[in-house]
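Read the structure below first, then the notes.
The values are calculated or read from the model by the stated rules, or taken from the named source; none is laboratory data. This one's a predicted model, so the numbers in the text were calculated from it and none came from an experiment. Neighbour counts are summed over all protein chains in view; Cβ atoms, including those assigned to glycine, are modelled from backbone coordinates with ideal geometry. To get the accessible areas, we keep the full protein, side chains included, count just its heavy atoms, and leave off ligands, DNA and RNA. Shrake-Rupley method; radii C 1.70, N 1.55, O 1.52, S 1.80 Å.
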Amino acid sequence: MEDQWLSDHEAAKETAADTLQLIQERNLKHPEGGPEASRITATCRRKLGTLGSLLDALRSSLESPQHAGLTENEKNRRRDLISALRTKRDQMLAQLKREQPRAARDQLLGGSAAGGAGAGGGRETDTTAELGSQALLQLQNTTMQRQDQDLESLERTVVGTKHIALQINEEVDLHTRLLDNLDEEVDGTRSRMAAAQRRLKLVMRRGGACKTQLLCFLVSVVLVVVCVIGFKIAIHL
């Protein structure tokens, strides 16, 4: 089931890449709009709808009991993959809503839809000004791929940091449990020591009473002996 989830994610990823390529093609080849631009826009909307359904299915499948065997770290990693694709989908939807697809080219080149020297917009560089539609499309694809690689690197860093934080949290929980167990042991030892002290005091009190009784007995014996000796002396006299 896990391999199937990854396969579905790859399918969603390919759908997002195909849709992005169509949007870039529409913006470059049909900057002023027209029937063909409208057709491409409709195709992109259908693909984005399919992508949304795929992402919803991936999320539901991940939270279902069939993936209960996955670790929490792996689940978090897959949630991040879904979130990244959903962000791309939202960006492409926003791009489709623009009235003038020409804005995509201006944005790539650092300008604006109404750019120009008088409007304060950016201008094309000497390199991009000499590029045709296909070459500019390739440049944009290369730029997007580099940005995707940077985002994936950042994602790996964030995921790695998250895993370290989770491990630290587990270590803190372990030490907390150990301290709780130590506290219970200390309380038990304190209780046993208090009981031993009470028994010792009782023994000491009993020992003191025995000594007093022994002393009284010895005094009684001495008195009896003295009386007997005195009685015998009185008889002889």
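Structure notes:
- Contacts under 9 angstrom Cβ, first residue in the stretch 150-177 being in contact (Cβ under 8 Å) with a residue 24 or more places away in the chain, partner among the small types (Gly, Ala, Ser) and surrounded by 10 or more Cβ atoms within 10 Å (Cβ to Cβ), 6 or more apart: Leu151/Ala84; Glu155/Ala84
- Beta carbons closer than 8 Å, at least 6 apart along the sequence or on distinct chains, pair a first residue in the stretch 40-63 that is over 15 Å from Ala11 (Cβ atoms) with a second that is of a type in the set (Ser, Thr, Tyr) for Cys44/Thr19.
Condition check ((1) under 36 Å from the mean Cα position of the chain (by Cα); (2) at pLDDT below 90; (3) not acidic (Asp, Glu)) across all residues:
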residue	(1), (2), (3)
Glu2	yes, yes, no
Ala12	yes, no, yes
Ala37	no, yes, yes
Thr43	no, no, yes
Gln66	yes, yes, yes
Lys75	yes, yes, yes
Ile82	yes, no, yes
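- For the condition at pLDDT 90 or above and either open to solvent by less than 60 Å² (accessible area, probe 1.4 Å) or within 19 Å of the chain's Cα centre (by Cα) (or both), Leu96 does not qualify.
- On inspection, Glu32 fails the criterion of being part of a helix (DSSP H, G or I), out of contact with any His (no Cβ under 8 Å at 6 or more places or on another chain) and at pLDDT below 90.
- Tabulated pairs, the stretch 222-234, first part of a helix (DSSP H, G or I), second open to solvent by 80 Å² or more (accessible area, probe 1.4 Å), C-beta under 6 angstrom, 6+ apart or interchain: none
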